[in-house]
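As structure tokens, the structure follows; a few thoughts come after it.
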Amino acid sequence: MSTPAKLLIATLLILGLSARFINLNAPPAGHHQWRQSDTAAVAKNMSQSDGNLLHPKVDWRKDTTGHVEMEFPIYCWTTAKSYTLLGPHHWIPRSLSITASLIALFIFYRLVKLLSDPSTALWSAAFFAALPLNIFFSRSIQPESWMLCSMLGATYSAALWSRSKKSHYLIAAALFAALSGLLKLPALVVGLPMLAVILQSRGTNPLKSPTLWAAAIASLIPVIAWYTHAHTLYQETGLTFGISQSDKWNRFELLLEPTFYKDLFVGKIIEDHLAIIGFPLAALGLIMRNRKPTEILFDAWLLAMLIQIVLVPQGHRVHDYYQLPIAVPAAFYIGRFLSRGITRSKHAPTIQTLLAAIFFILSSRTLWNTFSKELNPPQADQRLIGLIADNTNAGELVVLARDDTAFDPYVLYMANRKGWLITTDDLSENYINSLAGSGAGWLIVESTAGEQGEGFHVGRAATVTFEYDGVRIFLLSN
């Protein structure tokens, strides 16, 4: 590998890794602040109560215990335990995410080196580290980087087992696969690339092995056990992160809509995940003839993600973090093209430099769009947080009613309050009376409409105690 190529790779790695530490202690505002706030709230509630890993609690708990149906909250639990040692700082969950992303980067490099060659591994690792949304979700308060790390750990362990037949690699593969599914149920598609690398290395003989089947079944048992338990929490409280009660699954009619493909593949994958220029580079790497049979793992990974899109179309249409695992095959294809696709040209160093520069510029654009939301959180949210904290009593349940963003828990989390999240359209005298009867102490209304208009009426159960610029805080009487 030439010196210019090494410098380019080092530059991409340094920039990509450094960007993960931007605004490290930021609260969960901005891009996907609702999901980050939920994750942070579960960790906070664990640290403030008994720290029960099996009974995660949210802030929008209404008058219930707050137990919520969600993914296995090991990320939240680890954050909570860290809070008890170091205090409740937002840099802690972000650092846990970053740590997992660095481990994932190392495993990815080792995986590509094992199945391809050292040069491709270096190029692939550099782009994997610098893909814009991979950077963002590698330091967000979400378990995404833990999930991706587990998926890579599962495939790498499977690749090592397929070559060495050492049982500890198979055990590690099963454990990582189980953790992937526990962290995010759709991550179970990692079984396809695991199977592909085993079949490529050892043919179909392993499929006759009771040991392999036992490992596969063992990896599913904790996943089934957890989500069965999580569903009992939903049955207890009616609270869920959209695991069993959600429209993100099985919305097959979306697959017939052209806008679905435009929004997902163009808007999210091409523009945001791959920074536009990454898409043609990955496409060229995908169709290259200079391939090694062992590299089929990455083709199987891409196929697994396409299958996941079919199974969870609404989830992919709404949330860009659902496509995060596509960074693995995409970065590999980019690395394969830059390592083996243009090296025969005498202008290879110039072409590589130009492509890397374009990627950096376009990637910075996507990163700015995500980081700017975090660096400049909505002033309306900040104002509302302060008003709630200053004018309501901690420990009492509150009802937060807003014209929009009603189901965003960020304000409740930052104000350290618990209760209901509703829209102003839900407000009526009877409903407010029922909320007061359920133990709600305060009603906070942020609305551009008047009390009677468009029109809600608070009735006798509510006495206004504070009013300022569209925000009214009512004391509720039982």
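In the chain, which helices (entire DSSP H runs) extend 15 Å or more along their own long axis, judged by Cα positions, while averaging at least 0.0 on the Kyte-Doolittle scale?
On the way: long enough: 3-19 (24 Å, 1.71); 33-48 (21 Å, -1.10); 74-86 (18 Å, 0.47); 91-115 (35 Å, 1.38); 118-130 (18 Å, 1.05); 144-164 (30 Å, 0.33); 167-183 (24 Å, 1.69); 191-202 (16 Å, 1.08); 210-237 (41 Å, 0.55); 296-311 (22 Å, 2.32); 348-375 (38 Å, 0.70); 379-391 (18 Å, -0.17).
Both cut-offs are met by 3-19, 74-86, 91-115, 118-130, 144-164, 167-183, 191-202, 210-237, 296-311, 348-375.
For L7 paired with V310, estimate the spin-label separation in nm (one decimal), with each label point 7 Å from Cα along the Cα-to-Cβ line.
4.8
Using a simple spin-label model with points 7 Å from Cα along the Cα→Cβ vector, what separation in nm is obtained for H168 and L255?
My value for the distance between the label points is 4.3 nm.
Under 13 Å between alpha carbons, and skipping anything fewer than 8 positions from K57 in its own chain: which aspartates and glutamates qualify?
D38, E69, E71, E236
Pick out, from A348, Y109, V464, the residue whose Cα sits farthest towards the positive end of the charge dipole of the chain, with +1 on the Cβ of Lys and Arg and -1 on the Cβ of Asp and Glu.
A348
Which links in K166/K292; K208/K268; K6/K262; K262/K373; K44/K262; K81/K166 stretch past 30 Å when you go from one Cα to the other? Each step should come with its number before you reach the end.
Numbers: K166/K292 24 Å; K208/K268 41 Å; K6/K262 36 Å; K262/K373 24 Å; K44/K262 38 Å; K81/K166 34 Å.
Beyond 30 Å between Cα atoms: K208/K268; K6/K262; K44/K262; K81/K166.
Which of rounded, prolate or oblate describes region 321-381 when judged by the alpha-carbon gyration tensor and an a/c cut-off of 1.5? Write down the numbers at each step before the final one.
Values: a/c = 7.82, a/b = 2.11, b/c = 3.71.
In terms of gyration-tensor shape, oblate.
By its C-alpha gyration tensor, with a ≥ b ≥ c as the square roots of the eigenvalues, how is region 377-438 shaped: rounded for a/c under 1.5, else prolate for a/b larger than b/c, else oblate? It would help to have the intermediate numbers written out before the result.
Working: a/c = 2.24, a/b = 1.34, b/c = 1.67.
Oblate shape, in that a/c is at least 1.5 and b/c is the bigger or equal ratio.
Looking at the square roots a ≥ b ≥ c of the eigenvalues of the Cα gyration tensor of region 278-372, which shape do they give, rounded for a/c under 1.5, prolate if a/b is larger than b/c, or oblate?
Oblate is the answer for region 278-372, as a/c is 1.5 or above yet b/c matches or exceeds a/b.
Rg(Cα) of the chain divided by 2.2 N^0.38 Å?
On the way: Rg = 24.5 Å, N = 478, 2.2 N^0.38 = 22.9 Å.
This ratio for the chain stands at 1.07.
Could you work out how far the C-alpha centroid of region 143-167 sits from that of region 1-60, in angstrom?
Taking the Cα centre of region 1-60 as reference, the centre of region 143-167 is 22 Å away.
Pull out the extension gain between A389 and T343, defined as 0.36 nm times the separation in residues minus the alpha carbon to alpha carbon distance; nm, one decimal.
Taking A389 through T343 to full extension adds about 10.5 nm, to one decimal.
Could you check the spin-label model distance between S372 and L199? Points 7 Å from the Cα along Cα→Cβ, value in nm.
Once both label points are built, they end up 4.6 nm from each other.
Using alpha carbons only, how many angstrom separate the centre of region 326-370 from the centre of region 240-309?
Their Cα centres are 19 Å away from one another.
Find the all-direction average of the projected area of the Cα convex hull for region 120-269, expressing the result in square nanometres with one decimal place.
Values: hull surface 47.4 nm².
Mean shadow area of the hull around the Cα atoms is 11.8 nm².
Considering only DSSP beta bridges whose two residues both sit in the chain, what percent are antiparallel, to the nearest 5? Each step should come with its number before you reach the end.
On the way: 12 of 25 bridges.
So the antiparallel bridges in the chain amount to around 50 percent.
Within region 56-97, report the trypsin sites (Lys or Arg not before Pro) that DSSP leaves as loop and that have at most 13 other Cβ atoms within 10 Å. Write down the numbers at each step before the final one.
Values: sites: K57, R61, K62, K81, R94; in loops: R61, K62.
Answer in residue order: no site qualifies.
Scan around W420 for amide H atoms under 5 Å from its own, H built in the peptide plane at 1.01 Å from N, and keep only partners 5 or more places away or cross-chain.
K62, V398, V399, L400
Before rounding to the nearest 500, sum -39500 (n - 2.57) across all DSSP H runs of length at least 4 in the chain and divide by the residue total; then give [θ] at 222 nm in deg cm²/dmol. The partial results should precede the final answer.
Working: 19 runs with 269 residues, N = 478.
Only helices count here, giving -18000 deg cm²/dmol.
Using a Förster distance of 25 Å, how high is the FRET efficiency between R289 and A216, based on the Cβ-Cβ distance and rounded to 0.05? Don't skip to the end; give the middle numbers.
Numbers: r = 34 Å, r/R0 = 1.35.
Given R0 = 25 Å and the Cβ-Cβ separation, E is 0.15.
Report the net charge of residues surrounding F241, where surrounding means a beta-carbon distance below 15 angstrom and charges are Lys +1, Arg +1, Asp -1, Glu -1. Don't skip to the answer; put the middle values down first.
Details: positive: R35, K57, R61, K184, K248; negative: D38, D59, E69, E71, E144, E236, D247, D408.
Once all neighbours under 15 Å are counted, the net charge is -3.
Under the 0.36 nm per residue contour assumption, what length would be gained going from the current alpha-carbon distance of I22 and H89 to full extension?
The span from I22 to H89 would gain 22.6 nm if fully extended.
A short reminder: the numbers here are calculations on the coordinates, not readings from a lab. Only a predicted model underlies this, so the values are computations on that prediction, with no experimental measurement involved. When we count neighbours, we look across all protein chains shown, and the Cβ atoms used for this are built from the backbone with ideal geometry, even at glycine.
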